[in-house]
Amino acid sequence: MSLPSAIFGLLCALLIGALFHMVVDGGPAKLLLYFVLSTAGFAAGQWISSSRGWTLLPVGPLDLGAAALASLVFLGIGHWLSLVRVTASGSGDKV
């Protein structure tokens, strides 16, 4: 993969992360989380589609469809996991 296609893929992944952040309305820390998740999902989707020989909306050497779909899956799972709240319970038996 050439450098311009890698940069285009990174820009697409960051755009997907920013749009997801705009839809679910998170804070600045969530924006960074969504950027990381979107980029990881985009790379995973591109790798899986190229290793399996699948194509879904190819744009040059990028499989934009599969990569965007995997990016959205990563974002959805990451958002769902970020909603979990851990509460401290009492340590010890009450008498």
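The values are calculated or read from the model by the stated rules, or taken from the named source; none is laboratory data. These numbers come from a predicted model, not from an experiment. All Cβ positions, glycine included, derive from the backbone under ideal geometry; neighbour counts span all protein chains shown.
For this structure, a couple of remarks:
- The range 1-25, residues that are touching a residue at least 40 places away in the same chain (Cβ under 8 Å) and of a type outside the set (A, V, I, L, M, F, W, C): S2, S5, G9, G17
- Some residue of the range 25-45 being among the β-branched types (V, I, T), over 13 Å from F74 (Cα atoms) and surrounded by 14 or more Cβ atoms within 10 Å (Cβ to Cβ): no
- Selection from the range 48-63 of residues that are under 20 Å from F74 (Cβ atoms) and in contact (Cβ under 8 Å) with a residue 40 or more places away in the chain: V59, L62
- Within the range 19-45, tally of residues that are of a type in the set (G, A, S) and over 17 Å from A70 (Cβ atoms): 3
- Candidates S38, S50: the one that is over 16 Å from the mean Cα position of the chain (by Cα), among the small types (G, A, S) and outside any loop (DSSP other than H, G, I, E, B) is S50.
- Subset of the range 47-95 [touching a strand residue (DSSP E or B) at 6+ places or on another chain (Cβ under 6 Å) and at pLDDT 90 or above]: S49
- A count restricted to the range 46-95 and to residues that are farther than 17 Å from L11 by Cβ, surrounded by 10 or more Cβ atoms within 10 Å (Cβ to Cβ) and among the β-branched types (V, I, T) stands at 4.
- Selected residue (criterion: modelled with the lowest pLDDT) from residues of the range 1-34 that are among the small types (G, A, S) and in a helix (DSSP H, G or I): A29
- Taking (1) surrounded by fewer than 19 Cβ atoms within 10 Å (Cβ to Cβ); (2) out of contact with any strand residue (DSSP E or B) (no Cβ under 9 Å at 6 or more places or on another chain); (3) under 16 Å from M1 (Cβ atoms) in turn, A18 satisfies each apart from (3).
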